[in-house]
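Okay, structure first, notes after.
Just so it is clear, none of the values below were taken in a lab; they were calculated from the coordinates. Just so you know, these numbers come straight off a predicted model, no measurement behind them. As a convention, Cβ positions derive from the backbone with ideal geometry for all residues, glycine included, and neighbour counts pool all protein chains shown.
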Amino acid sequence: MSCANAPDETWQIGVAMWRTRPLATQILLCVLAILLVTSTAGALLYANLTGRTLDAQYTQRALDIANTVAHVPEVADALAQRDPDHRIQALAEQVRKNTSASYVVVADRRGVRYSHPTPALIGQRLEEPVVALDGNAYFGIDPGSLGNSANAKVPLRASDGGIIGEVSVGIPEDRVSSQIAVQILDIALYSLLALGIGVLASWLLAGALKRVTFGLELSEIAALLQEREAMLHGIREGVVGIDAKGHVSVINDEARRLLGIRRAGTGCPVSRLVPEGRLRDLLVDGPLGSDEVVLTDDFLLVVNRMPILLAGRPAGHVVTLRDRTELEGLMRELHALTGLTNALRAQEHEFTNRLHVLAGLLGLGETDEAARYLAEVAGGATDQANDIQVRIAPAELAALLVAKVTTAAESGVRLVIDPESRLDRGYAETGPLLTVLGNLIDNAVDAVAGGSQPREVTVRITDVDDVAQVVVSDTGPGMSQAEIEKIFLDGYSTKSTRNGIRRGLGLALVHRLVLRAGGSVEVAAGPGARFDIRLPLHAPELEVAR
């Protein structure tokens, strides 16, 4: 088993050692390996092509020499007479020396040689048959008696046109090889020059990469990337990196969740990923470094936008997103509870004063007057609460109205429940209606509190075909048409932050809930403000919201 795993272990050790080498060494070795492989392959391919080309050239040259000899009349005449004066050998040797051919052999139809560089072979037969008797020329590489040569054989014709023999001419192959060797030497010198340039270029490239990567090796860069990915996707805040062109370069999982992005998002412009609205405006060119509150369909986000500078030049910005949906809801609940507590404290003082009055009347012996006073005090608040409970069937909504009457009175505002208000039956989902009504009453009370008399807020609630019709009006200064067009934008408010509660969210939340439920919101300008809400009570889109 250990022997079988040995090659794998050796390979893994080799890979590990390679990865630990410096980047400059890896680049240099890779460039050298590429140049060696390509140079060797190129040299072999060039030698092969050159060899074929030279073979074809020398073969054609041998064919030309053979045709020239075959067309010499003296050669044909001497062969026809069986060359008694040995003129064919003299002519063939003269041509061989002048053309640097390896041999010029003239043979008759039987294959008997009449010329040859080796005189002892004259008069002997050829080892191979005479192939040119068919009238065609033959050429190629031939392993003859003098070694491999570029050979050409042509028919030798008499004066009457009859074929009486053949002329064979060969050029030695060693000439081809020597010429190829000279060219291979040039290729080798060129390859060495390319290797030298490659080594210099790889050294310069490694230095440039070192500067770009701040001297970090590849393993260190990979480790940094893994750590960055782990930290980026491990934090609870959403992080979005946007380059100078407005394209997303980095985005983590939390940011995708908060922005409702289901695809990767990297490389896409912000305008494609985020729908048009205030959130996209903040991501692209919002104020730098400030907590901006944005209300989306699902979340209440706090957006921070910080610039990125590289070498003193702007390279984009980083946006962080924090989900404050639950926290903001808890803060608003706490604010509501604080208001109720203050109202109860005020009632406590009021009831204490009334008890003092009762004690004084009883001390003076005015029992009838004390009884009358007690009935008057007890009946006023109880009658109002009972009246609201009788006309408003949902217990949560009736309790909200009773509490708002008390808290409004604490602020010096009279909250009037219109006598025509009526909800005859309860509903399973009253959360959206509570949110809408509570925000509208709070805004109306804030608008008239501290103003001139009469400081009054009127609420009317009716139910027509399972659609709640809510009308909240006040005697405050009202709003201009320009303000009405902006009041439903999240973050827009004419009031300052109070007790940690962020302004500009209540009406935006009301608007979002009503529209998602398929209802409508109408606002009338002053004097005073009037909100007319139509909210379906059984719409499937309704959800409990704060």
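Region 254-300: which trypsin sites (Lys or Arg not before Pro) are DSSP loop and have at most 10 other beta-carbon atoms within 10 angstrom?
Numbers: sites: Arg256, Arg257, Arg262, Arg263, Arg272, Arg278, Arg280; in loops: Arg262, Arg263.
Sites meeting the loop and neighbour criteria: Arg262, Arg263.
Please compute the Kirkwood hydrodynamic radius over region 32-141, one decimal place, Å, based on all pairs of different Cα atoms.
Result for region 32-141 stands at 16.3 Å.
Enumerate the amide H contacts of Phe139 below 5 Å, restricted to partners 5 or more residues apart or on another chain; note that Pro and chain-start residues carry no placed amide H.
Lys153
Which of the lysines could be linked to Lys153 by a straight reach, that is with a Cα gap under 30 Å, when you skip same-chain ones fewer than 8 residues away?
The reachable lysines, counting only those whose Cα sits under 30 Å from Lys153, are Lys97.
Stretch Gln453-Ile235 to full length: gain in nm at 0.36 nm per residue minus the Cα-Cα span?
73.2 nm
Using modelled amide H (1.01 Å from N, peptide plane; none on Pro or chain starts), what sits under 5 Å from the amide H of Ala449, excluding residues fewer than 5 places away?
Those qualifying (amide H under 5 Å, at least 5 residues apart or on another chain) number zero.
Stretch His356-Asn98 to full length: gain in nm at 0.36 nm per residue minus the Cα-Cα span? Working shown, then result.
Details: separation 258, 0.36 × 258 = 92.88 nm, distance 14.99 nm.
Full extension of this stretch gives 77.9 nm more.
Can you sort Thr320, Thr40 by how many other beta carbons sit within 10 Å, fewest first? Could the numbers behind the result be given before it?
Values: Thr320 18, Thr40 12.
Least to most surrounded, the residues fall as Thr40, Thr320.
On the Cα set of region 235-323, report Rg and Dmax in Å, please.
12.0, 39
What's the magnitude of the charge dipole for region 18-234 around its Cα centre, counting Lys and Arg as +1 and Asp and Glu as -1 at the beta-carbon? Answer in Debye, nearest 20.
Numbers: 18 positive and 21 negative charges, 93 e Å.
The dipole of region 18-234 has a size of about 440 debye.
In what order do Glu173, Glu93, Glu485 fall by count of nearby beta-carbon atoms within 10 Å, going from fewest to most?
Lowest count first: Glu485, Glu93, Glu173.
For region 18-234, what value does the Rg/Rh ratio take when both radii are computed over Cα atoms and Rh is the Kirkwood radius, given to two decimals?
Working: Rg = 31.4 Å, Rh = 22.0 Å.
Taking Rg over the Kirkwood Rh, I get 1.43.
Could you compute the FRET efficiency for Glu483 and Ala244, with r as their C-beta to C-beta distance and R0 at 56 Å, rounded to 0.05? Display every interim value, and only then the final one.
Working: r = 36 Å, r/R0 = 0.65.
The value I calculate is 0.95.
What are the GluC sites (Glu not before Pro) within region 389-426 that DSSP puts in a loop, where the Cβ has at most 10 other Cβ atoms within 10 Å?
Numbers: sites: Glu396, Glu410, Glu420; in loops: Glu420.
When the GluC sites (Glu not before Pro) of region 389-426 are filtered for loop state and at most 10 Cβ neighbours within 10 Å, Glu420 remain.
Which order, highest average first, do 513-520, 446-453 follow once you tally other Cβ atoms within 10 Å for each residue and take the mean per peptide?
Per-residue mean Cβ counts within 10 Å order the peptides as 513-520, 446-453.
DSSP loop trypsin sites (Lys or Arg not before Pro) in region 399-472 with at most 11 other Cβ atoms within 10 Å of their Cβ, which ones? Don't skip to the end; give the middle numbers.
Numbers: sites: Lys404, Arg414, Arg422, Arg425, Arg455, Arg460; in loops: Arg425, Arg455.
Passing both the DSSP loop test and the Cβ count: Arg425.
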